[in-house]
Every structure is written in C-alpha cells, then in structure tokens.
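Down below is the structure, laid out as structure tokens.
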Amino acid sequence: MRFDDRRSAGRQLARHLAFLRGRDVVVLGLPRGGVPVAYEVATALDAPLDVLVVRKLGVPWQPELGFGAIGENGVRVLNADVLDSTRLSPAEQATVEQAERTELARRLRLYRHERTPVPVAGRTAVIVDDGLATGATAETACRVVRQQGAAQVVLAVPVGPASVGARLREVADQVICLHAPQFLGTVGAWYHDFTQTTDAEVTGLLARAGQPAPVSRPPVAPHPLPDREVRIPAAGVRLGGRLVVPDRAPAVVAFAHGSGSSRHSPRNRYVADVLNRAGLGTLLLDLLTGDEEHDRANVFDVLLLARRLHAAALWLRRETGLPVACFGASTGAAAALEAAAAPGADIHAIVSRGGRPDLASPTALTRVTAPTLLIVGSLDTHVLSLNRLAADRMNCEHRIAVVPGATHLFTEPGTLATAAQLARDWFTSRLARPTAGPPPRRSARRGAGTAAGGAARPSTPGAGPSPN
C-alpha cells in the first residue's frame, strides 16, 4: 500500500493513535517531512504540536557515524561504544558539538520564531516522522525527550522496516508503524507524492496548529484532475498522448520522453502531477509509434523527434488556446531545443531533466529564445559536462541546476522531487509573464545554479542516454 502524500499518511496514522485522545499528549514532528504528518496527528488528537530538532554528532573523519546527538536546552546523548572505538578526544567532541549547536539554534529560530517550546516533562510525547530508514534520527529523538522528562514516549510513523521498528522498542515505550515490510527500499517509494517539505511549510503548519480550530471544517477530499487520451497527427503518423488541463491553466507543458521511455514513464508522470497541482496543463506524449520504438536508430533520431514535437506543440496550441512549453528528458531534451529553434516555433519555456542538449545542433542551440533550465544530477558527471558545453552555445536566458546526490535517472530519495520543484518554479515564473524577444545572454558554465546547495561530485561518467 502506498500513501497519497504525507497529510494522507498522517490522517491514517492518527486513527491508530485514537487511544491517546483525551490524555496529556504533545505531538512532536521531526523536521521537515515529519511535520505535515504530525500536524494531522495533532489535529485528530486535539493535542499541541511542536517540532523536535535533533542534530547528530558525527565523527569528524566519518560524519555518518554518530558518537551522539544533541537537542535543545543543552540535552546531549552520547554513544560510549563509538567514543571508545574512535578514541575521539574531548576537544574534538567539543568542536563538533559547537558547530551542531549553532545549526540547531538556527533551525529552532526559523521554525519557532521565538515561541516558547511546548513542555514535555510528565507528558506523553508522540514523536512523528514520515518514515524510518535506519532509525538513527528517531532513536535520537526518543532519547532526547526521555531526558527532557517525558513520562511516556510513543514513536509513530507510516512506514519503516520491521527490524528497525523492533530495535526502537528499546528506546520508546510504544512504536506505531502502519506498514513494516521486511525490505523497505526507500521511504519515498511508499508515497505517490513525496515532494520535499519546505521550511515555509513547516513554519506555516506550526502557526496553524497554534490557532484555535474553526467551529466546523469541511472535509478535504482531493479530486484527481480529469485526463484524456489523445491522438495527435504529426508528419503522417498519429502520436498517443495523455492531456491534463486544469481550470484557468496559464499554459500547457508538452513532455518529450527520453530514449526507451513512453508517456507511461512513472518519473515523467510524477513531474506532470507536480505541474498539474501548480495549475499547469501537461501533455505526456509518445514521439514514436509502437513499431518505430523497436528500431534503436529512431530513438536517437533527434531531428525526427523534434519535427514531431514541433507538430504536437502546434496542435496543442490550437487545441487549448494556451501558451506551450516543453519538458524534455535525455534525448527528449535535445528534441525540445531543436523544436523550439524551428521557424514558426512558439515555445515559451523549456526544462531539461537529465537531458542531452549536446545532441541538438549547434545552430539550434544558438537560435533558441525560450528561457531554458537544465537540471542535472551531481553524480551524473559526464552528462553534467555535456550540459555545460551546450549551455555555452546558448544565447537565451538559461541556467544549470545541479541536484545533489542524483544520478542520471534521479532514482535517489528526494532527488526527483527536487527536480520536479525546480521545473515547477521555472515554468510558473516564466509562463506567468509574456516574453518579448531574447533576453541578455547569461553565463551558465561557472555561475550554474545548484539545488539545495549541492555541488558536483566525482562519479563514473555515464555512457549516454538511458531510459527516463
């Protein structure tokens, strides 16, 4: 079973915590992803909500190995076994702790805005996160609230490995886990929507939790947007597509899939859903017929793909009456750039995810006028280099956004969500205003934007486009 999103998971989790309603309970969300889940639990239990910010104390030469953790009010939990094995000196411990206390204080100021923390002494502390992976953060949180004097500690999560849940029962009085598979994979795999929670969402939910509840609240029932399968004439063939156009959409985005992919690609459907929730229309499009895609040469025929995308964009403009943008992955990004450079093209913005803009002709790269965002994983070093070389030829507004920890397919936890948010923000900001000719050239090689402050790290270069 997969959860729709964190809020939905929180409502399901709350039903399993109903036995706590009426007791002296405080709900503590672990920022950031645990807070939307905790908000639903606190609302259902009519209990106060707060954040529990903990920071791991990592061994300097092996940061993933924690020799302890800290919480607010000077709480410190140390792991004697790690300290004995690493022989970490008191001075080295103090240096790490000072840095982590500075970061902890910064986060507390951001989340609480000087609000008094909700006291947990003598109360039942319900610690909530959006899922367990290794359980290290949850274990630290349980130990922190125990030292703060909580009478009872309940750890509540929607999903986590059975082995981790069993271990955490040693530090929590009770562990509530809705799904405990033997093999977890990643927490994000258990959610349809695992979009990264922002600091603004955390502070907003905390503020709402501190306000009196309205007399009555209508139930929130998400309604999926209607979509329809379409057949688009293009250069003598008819291409299959899935069209979604929300009410009052300002524009519609045509998706050009990468090699070996189709309109059913779960990654592109995920990105399309994020754009739909932002009010943008989307067309998930197959640029090859079923018979054509079996010939590998067609997959890399960028000019063929571009001609068909160009025809589809013109059809889309006639069909919807809306400005058209393009989202391309792998070879589809090259097709989007070629299509945007074609005479008569009316493409208003372009986003490439793990794209191969280098496969577009140099002439096309110089002719593109649509604002272009090139999203690349920091571990996809070969493709990142190719994007930088292609960007050097571009005269339009353009930027390279590097997603930390992502490889070519963005399968790492949270990386696809980051890419989807970058695409959403690029499209909504560029499609909300009319474009008036090519803007001044911006350099994208050395001033490349980096998502979440990451930087490219060494990795084995990829050998070319792969399914997206």
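The values are calculated or read from the model by the stated rules, or taken from the named source; none is laboratory data. Keep in mind that this is a model prediction, so the values were computed, not measured. No Cβ is skipped: glycine too gets one built from the backbone with ideal geometry, and neighbour counts run over all protein chains shown. We work out accessible area using only protein heavy atoms, side chains counted, and drop any ligands, DNA or RNA first. Shrake-Rupley method; radii C 1.70, N 1.55, O 1.52, S 1.80 Å.
A few comments on the model shown:
Residues checked against (1) modelled with pLDDT of 65 or more; (2) surrounded by 21 or more Cβ atoms within 10 Å (Cβ to Cβ); (3) closer than 27 Å to residue 266 by Cβ:
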{"residue": "362", "(1), (2), (3)": "yes, no, no"}
{"residue": "381", "(1), (2), (3)": "yes, no, yes"}
{"residue": "402", "(1), (2), (3)": "yes, yes, yes"}
{"residue": "406", "(1), (2), (3)": "yes, yes, yes"}
{"residue": "463", "(1), (2), (3)": "no, no, yes"}
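- Criterion violated by residue 67 - all others in (1) touching a Leu at 6+ places or on another chain (Cβ under 7 Å); (2) in contact (Cβ under 8 Å) with a residue 60 or more places away in the chain; (3) open to solvent by less than 50 Å² (accessible area, probe 1.4 Å) satisfied: (2)
- Pair list, Cβ < 8 Å and 6+ apart or interchain, from region 198-214 residues that are closer than 15 Å to residue 109 by Cα and in a helix (DSSP H, G or I) to residues that are hydroxyl-bearing (Ser, Thr, Tyr) and modelled with pLDDT of 85 or more: 199/111; 202/111; 203/111; 206/111
- Some residue of region 125-140 being free of Cβ contacts under 8 Å to residues at least 60 places away in the same chain, part of a strand (DSSP E or B), buried (at least 21 other Cβ atoms within 10 Å of the Cβ) and among the β-branched types (Val, Ile, Thr): no
- Single condition residue 11 does not satisfy, out of (1) without any contact (Cβ under 8 Å) to a residue 40 or more places away in the chain; (2) touching an Asp or Glu at 6+ places or on another chain (Cβ under 7 Å); (3) farther than 20 Å from residue 158 by Cβ: (3)
- Qualifying residue in region 277-290 (condition: of a type in the set (D, E, K, R), under 20 Å from the mean Cα position of the chain (by Cα) and either at pLDDT 90 or above or open to solvent by 50 Å² or more (accessible area, probe 1.4 Å) (or both)): yes
- Odd one out for residue 92 among (1) open to solvent by 40 Å² or more (accessible area, probe 1.4 Å); (2) assigned to a helix (DSSP H, G or I); (3) closer than 30 Å to residue 160 by Cβ: (3)
- Here residue 301 meets the list (1) in contact with a Leu (Cβ under 7 Å, 6 or more places away or on another chain); (2) open to solvent by 10 Å² or more (accessible area, probe 1.4 Å) almost entirely, failing just condition (1).
Yes/no matrix, rows are residues, columns are (1) closer than 19 Å to residue 272 by Cα; (2) of a type in the set (Lys, Arg):
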site	(1), (2)
307	no, yes
321	no, no
340	no, no
346	no, no
358	no, no
372	yes, no
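- Residue satisfying all of: in region 344-360; assigned to a loop (DSSP other than H, G, I, E, B) and touching a helix residue (DSSP H, G or I) at 6+ places or on another chain (Cβ under 7 Å); nearest to residue 311 (Cα to Cα) among these: 345
- Odd one out for residue 119, checked against (1) open to solvent by 60 Å² or more (accessible area, probe 1.4 Å); (2) outside any helix (DSSP H, G or I); (3) modelled with pLDDT under 85: (3)
- Condition met for residue 307 (more than 25 Å from residue 8 (Cα to Cα), assigned to a helix (DSSP H, G or I), open to solvent by 40 Å² or more (accessible area, probe 1.4 Å) and modelled with pLDDT of 90 or more): yes
- Which listed residue is at pLDDT 90 or above and more than 32 Å from the chain's Cα centre (by Cα), from 90, 36: 90
- All told, residue 82 falls short of being β-branched (Val, Ile, Thr) and surrounded by 19 or more Cβ atoms within 10 Å (Cβ to Cβ).
- Cβ-Cβ contacts under 8 Å between residues 6 or more apart (or on different chains), taken from a first residue in region 352-373 that is under 13 Å from residue 340 (Cβ atoms) to a second residue that is of a type in the set (Ser, Thr, Tyr) and open to solvent by 10 Å² or more (accessible area, probe 1.4 Å), are listed as 369/435; 370/435; 371/435.
- Exclusive hit being open to solvent by less than 20 Å² (accessible area, probe 1.4 Å) and over 30 Å from residue 273 (Cα atoms), set 51, 59: 59
- Hits in region 240-252 (condition: farther than 16 Å from residue 265 by Cα and open to solvent by less than 30 Å² (accessible area, probe 1.4 Å)): 246, 249, 251, 252
- Single condition residue 152 does not satisfy, out of (1) under 30 Å from residue 78 (Cβ atoms); (2) touching a helix residue (DSSP H, G or I) at 6+ places or on another chain (Cβ under 9 Å); (3) modelled with pLDDT of 90 or more: (2)
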